[in-house]
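**Student:** To start, I am sharing the structure in question, which I have written as structure tokens.
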């Protein structure tokens, strides 16, 4: 009998932080839930980060995932945007860690390649393949679709990553 693992995928963002939860049993994936935690753009940075923290904490408390995965973000815009996104990414990493979950990180190209077969796929292609891989899912936003793609990627790569870690520890 294969264990069922509940995985939360997180797509970091300061304005909108996508989240998606799947259950994996071997190669079988089942959609659980998805959504977006939003911050108030009128608030200061500290307030916005607190809103993301509180919202993501509530999602984890409600859905009780076993593991978490976060997209590694690559920003080639101005340094100020990169810094703000990095702060939101910090929230995305620390909230599941504070809940006692192991947290994996995946590059955007690996996520796209895992879900669509192409490392430079468009967001619409990713969302379409998420619907194919999780036929019962009800995607609520582009950020939620990206987060589900992160969770799917973790489901596909988690076993290999654990085996590699065990070998490296020897």
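**Student:** What is the ratio of the Cα radius of gyration of segment 58-102 to 2.2 N^0.38 Å, where N is its residue count, to two decimals?
**Tutor:** 1.35
**Student:** Moving on. Could you give the distance between the Cα centres of segment 92-106 and segment 29-51, to the whole Å?
**Tutor:** If you average the Cα positions of each part, the centres end up 16 Å apart.
**Student:** Please list 144-151, 108-115, 40-47 highest first by mean number of surrounding beta-carbon atoms within 10 Å per residue.
**Tutor:** Highest-to-lowest ranking by the protection proxy: 144-151, 108-115, 40-47.
**Student:** Rank-order 65-71, 90-96 by packing density, defined as the average count of other C-beta atoms within 10 Å over each peptide's residues, highest first.
**Tutor:** Ranking the peptides 65-71, 90-96 by packing returns 65-71, 90-96.
**Student:** What angle do you read, to the nearest 10 degrees and between 0 and 90, between the alpha-carbon axis of helix 142-169 and the longest principal axis of the chain?
**Tutor:** Once rounded, the angle reads 60 degrees.
**Student:** Expressed as an acute angle from 0 to 90° and rounded to the nearest 10, what is the orientation of the C-alpha long axis of helix 45-63 relative to the principal long axis of the chain?
**Tutor:** Taking the Cα atoms of the chain, the angle to 45-63 is about 30 degrees.
**Student:** I've got another one for you. In what sequence do 17, 128 fall when counting other Cβ within 10 Å, fewest first?
**Tutor:** 128, 17
**Student:** By its C-alpha gyration tensor, with a ≥ b ≥ c as the square roots of the eigenvalues, how is the chain shaped: rounded for a/c under 1.5, else prolate for a/b larger than b/c, else oblate?
**Tutor:** rounded
**Student:** Relative contact order for the chain: what percent, with Cα pairs under 8 Å and sequence separation of 6 or more?
**Tutor:** Taking the mean separation of contacting Cα pairs over the length of the chain, I get 31 percent.
**Student:** Specify whether the C-alpha gyration tensor of segment 76-170 places it in the rounded, prolate or oblate class, a ≥ b ≥ c being the square roots of the eigenvalues: rounded for a/c under 1.5, otherwise prolate if a/b is larger than b/c and oblate if not.
**Tutor:** oblate
**Student:** Using only Cα atoms, find the angle between the long axis of helix 79-98 and the longest principal axis of the chain, and express it within 0 to 90 degrees, rounded to the nearest 10.
**Tutor:** 50 degrees
**Student:** Given axes a ≥ b ≥ c from the Cα gyration tensor, I'd like to know whether segment 1-76 is rounded (a/c under 1.5), prolate (a/b larger than b/c) or oblate.
**Tutor:** prolate
No value in this document is a laboratory result; all are computed from the given coordinates. Given the structure is predicted, the values throughout are model-derived calculations rather than measurements. Don't worry about glycine lacking a Cβ; one is built from the backbone with ideal geometry, like all the others, and counts go over all protein chains shown.
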